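Novice: Got a structure for you, questions after.
The values are calculated or read from the model by the stated rules, or taken from the named source; none is laboratory data. Keep in mind that this is a model prediction, so the values were computed, not measured. Counting neighbours? That spans all protein chains shown, and the Cβs are built from the backbone with ideal geometry, glycine included.
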Amino acid sequence: MIHLPVAEIPVLLKVSKEFRMFAEEKKNAWLNEYMGFNLSAEEHQRREMLLAIIDHGEDDDEVLARRNPSMTVTRLGMKTLDAGIWLNDEVINYYIQVVLTELDENRWLNGWEYRKPSLFYSTFFLQKLFQEKSKNRRRRCTYYYSNDIKRWGRRRLAGYTIFDHKKLYLPRNIGDYHWALVVVDFEEKTITYYNLMGTTDNRILQGMLMYLQDEWRTVNGGEQMDCTGWRLCSCPDSLPRQANTWDCGVFVCMFAEFLALDFPLLFTQREINACRELIAVAILENRDRDRGSSPETIEIE
């Protein structure tokens, strides 16, 4: 039996057509399980009943998922998970801040004591940090470490700082027409920009490093942060690409999920409608779903 690290697939697939066929088969089998393509009849019926909640009712303002008064998803928001529709902030914020936070905490608590938890911020953090909604045109899109930004972490971390975590996930709404994801890895000392268009906004990466420095001074009594070893990483060339203009928000949610689980980004545009369904089910359940085992290695007989 061969144990094939997924990270080495791009190189090893060049060995032979036969090897490539076996590897693709194993990868697709794992994806099929993860995406729920192999559900039993009972599980499929249960999922269909959950999804029917979205269309069972005429009030688009009805709240279908609630974590607290300020963290909700309405029926109208859930309808953006239908195929061919651009996801709104409501869905992305709930999925990343509620569903993925719980998923990350459960992995941390259930046998992952050595693994630090991660942080998942809403789409509004980067908007505030870079004043993207400012009425003052001169200030718009410029970095500003405001008092509100200073309080952001303290409102959420209960005695901890952002530097006590493994990663920080930051979805970015670009002009209400595109989504991207910024990930700060405190262990690897990287700030990476994930953009389906393949381009990188270096202003955002540089601003995030400034934020880390300002935040370090704030939580450490004015002490300067040692930036040695920190790297600003452009959008990876291997990042999956969208084939339209409306699936970017779904990709961003799945990027955050797979990266939080330390999974390689194996999914493509082909699976994206299944991803929409996974997101909808997870929000309606308001709890973790069984996502199967990690594809860290693929076994080939």
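Novice: Answer with yes or no whether C235 is over 19 Å from F163 (Cα atoms) and in contact with a helix residue (DSSP H, G or I) (Cβ under 7 Å, 6 or more places away or on another chain).
Specialist: Considered against the rule, which asks whether it is over 19 Å from F163 (Cα atoms) and in contact with a helix residue (DSSP H, G or I) (Cβ under 7 Å, 6 or more places away or on another chain), C235 comes out as no.
Novice: Right, another one. Mind telling me which of the residues D226, D185, D247, D237 ends up being under 18 Å from L126 (Cα atoms) and of a type in the set (D, E)?
Specialist: D185
Novice: Go over the candidates R115, R137, R156 one by one and state the one that is at pLDDT below 90 and either assigned to a helix (DSSP H, G or I) or in contact with a His (Cβ under 7 Å, 6 or more places away or on another chain) (or both).
Specialist: Criteria check complete, one pass: R156.
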